[in-house]
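Submitted below is the structure of interest, expressed as structure tokens.
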Amino acid sequence: MSFLPGQFVFINFEALGLEEKHPFTISSAPTFKELRISVKALGDYTVKLNQLKDGMIANVWGPYGRFYKGMSDETKDVVMIAGGIGITPFLSMLNNELTKNLKRKIWLYYGASSTEDAVYDTEISAIEEKLTNLNYFRHFGGIKPRVSVNVLKEKLGELSNKLFYICGPTIMMENLSEQLIKNGVKRKNIIMEDFAFK
Ligand SMILES: Cc1cc2nc3c(=O)[nH]c(=O)nc-3n(C[C@H](O)[C@H](O)[C@H](O)COP(=O)(O)OP(=O)(O)OC[C@H]3O[C@@H](n4cnc5c(N)ncnc54)[C@H](O)[C@@H]3O)c2cc1C
């Protein structure tokens with residue numbers, strides 16, 4: 001499937017009796033041989049995915065979404081802010097950056113309620129070793145304060161010349177985007193993906 005990092009698919013697993021299509025972001029890069037999704041078990045559907053076995057068929061529709069807007073401007077510095085399972089689009093984006101040789105700076109702020117919940121920290125740490133233009137900041141429960149504009153300003157300096165990608169709980173995205181706008185960031189430079197089903 002041809003897709004851009006940041007996009008999502010609808011998927012179902014008839015072998016598990018899961019005929020309803022649910023949306024999940026693609027967490028692999030377009031160059032991967034496999035299409036990967038990364039799922040947080042929340043309710044009936046996602047908990048049942050633990051029963052998946054090799055060889056079961058997944059039906060996939062897509063790709064959908066526009067959580068890549070602006071990424072093609074490879075000269076613009078990028079700030080990625082993830083809350084919990086909101087890390088999934090950034091896994092695709094960062095793995096994709098590894099295949100390029102771009103000069104743009106990337107800052108990733110990964111917030112999770114605990115170190116155990118930050119399941120992709122290891123993968124990102126490995127990417128960080130190779131991607132010299134990536135600045136990675138962990139905000140795992142209790143270790144550091146939550147990501148706020150004041151926290152961002154410490155490392156980013158000027159905010160208004162950067163692109164902000166935010167994916168996490170709705171309340172976090174609303175608060176952050178409001179604060180960013182108050183600090184001179186244009187609304188069009190704030191791109192958000194809401195996992196809440198409306
Ligand atoms: C664009 C997008 C991308 C997403 N990407 C990811 C991802 O990469 N990883 C991940 O873990 N989750 C992702 N989600 C969230 C994921 O789709 C839901 O957590 C999951 O569908 C909930 O299913 P459930 O029945 O297990 O949970 P439930 O507890 O039954 O539902 C949890 C929440 O999901 C809502 N929901 C119920 N049915 C559906 C449905 N058919 N489709 C969507 N939501 C529904 C409920 O209203 C409830 O708010 C994404 C959601 C969207 C909209």
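Would you be able to tell me the number of residues in the stretch 136-191 that are among the basic types (K, R), at pLDDT 95 or above and in a helix (DSSP H, G or I)?
Qualifying residue count for the region: 3.
Output the number of residues of the stretch 21-45 satisfying the condition of being within 10 Å of the ligand (Cβ to nearest atom), out of contact with any helix residue (DSSP H, G or I) (no Cβ under 7 Å at 6 or more places or on another chain) and of a type outside the set (K, R).
7
Of the residues that make up the stretch 155-163, is at least one touching a residue at least 12 places away in the same chain (Cβ under 8 Å), within 18 Å of the chain's Cα centre (by Cα) and more than 14 Å from the ligand (Cβ to nearest atom)? Steps first, please.
From the stretch 155-163, those touching a residue at least 12 places away in the same chain (Cβ under 8 Å) are 155-156, 159-163; that's our starting set.
Applying the additional criterion that residues be within 18 Å of the chain's Cα centre (by Cα) yields 162-163.
With more than 14 Å from the ligand (Cβ to nearest atom) added as a condition, the list becomes 162-163.
There is at least one residue in the stretch 155-163 that is touching a residue at least 12 places away in the same chain (Cβ under 8 Å), within 18 Å of the chain's Cα centre (by Cα) and more than 14 Å from the ligand (Cβ to nearest atom).
Can you tell me which residue is farthest from the ligand (Cβ to nearest atom) among those in the stretch 170-198 that are charged (D, E, K, R) and loosely packed, with under 14 Cβ neighbours inside 10 Å?
If we take residues in the stretch 170-198 being charged (D, E, K, R) and loosely packed, with under 14 Cβ neighbours inside 10 Å, then K182 is farthest from the ligand (Cβ to nearest atom).
How many of the residues making up the stretch 107-123 are within 23 Å of L35 (Cβ to Cβ) and assigned to a loop (DSSP other than H, G, I, E, B)?
2
Which is over 30 Å from K155 (Cα atoms) and modelled with pLDDT of 95 or more, of G62, G86?
Numbers: G86 fails: over 30 Å from K155 (Cα atoms).
Every option except G62 fails the conditions.
Could I ask something else about it? Write out, first by first residue and then by second, each pair whose Cβ atoms fall under 8 Å of each other, whose residues are 6+ apart or on separate chains, and whose first residue, in the stretch 172-198, is touching a residue at least 12 places away in the same chain (Cβ under 8 Å) while the second is charged (D, E, K, R) and part of a helix (DSSP H, G or I).
Close Cβ pairs satisfying both conditions: S177/R187; N183/K153.
Any idea which of (1) at pLDDT below 95; (2) surrounded by fewer than 19 Cβ atoms within 10 Å (Cβ to Cβ); (3) more than 15 Å from the ligand (Cβ to nearest atom) is the one M71 doesn't satisfy?
For M71, the failing item is (2).
Based on what the data block shows, is S27 outside the structural domain of M172 (by TED's automatic domain parsing) and surrounded by 18 or more Cβ atoms within 10 Å (Cβ to Cβ)?
yes
Can you report the number of residues in the stretch 124-135 which are touching a residue at least 24 places away in the same chain (Cβ under 8 Å), part of a helix (DSSP H, G or I) and of a type in the set (A, V, I, L, M, F, W, C)?
2
The values are calculated or read from the model by the stated rules, or taken from the named source; none is laboratory data. Fair warning: this is a prediction, and the values are worked out from it, not measured in the lab. Cβ coordinates were reconstructed from backbone atoms using ideal geometry, including for glycine residues, and neighbour counts include every protein chain displayed.
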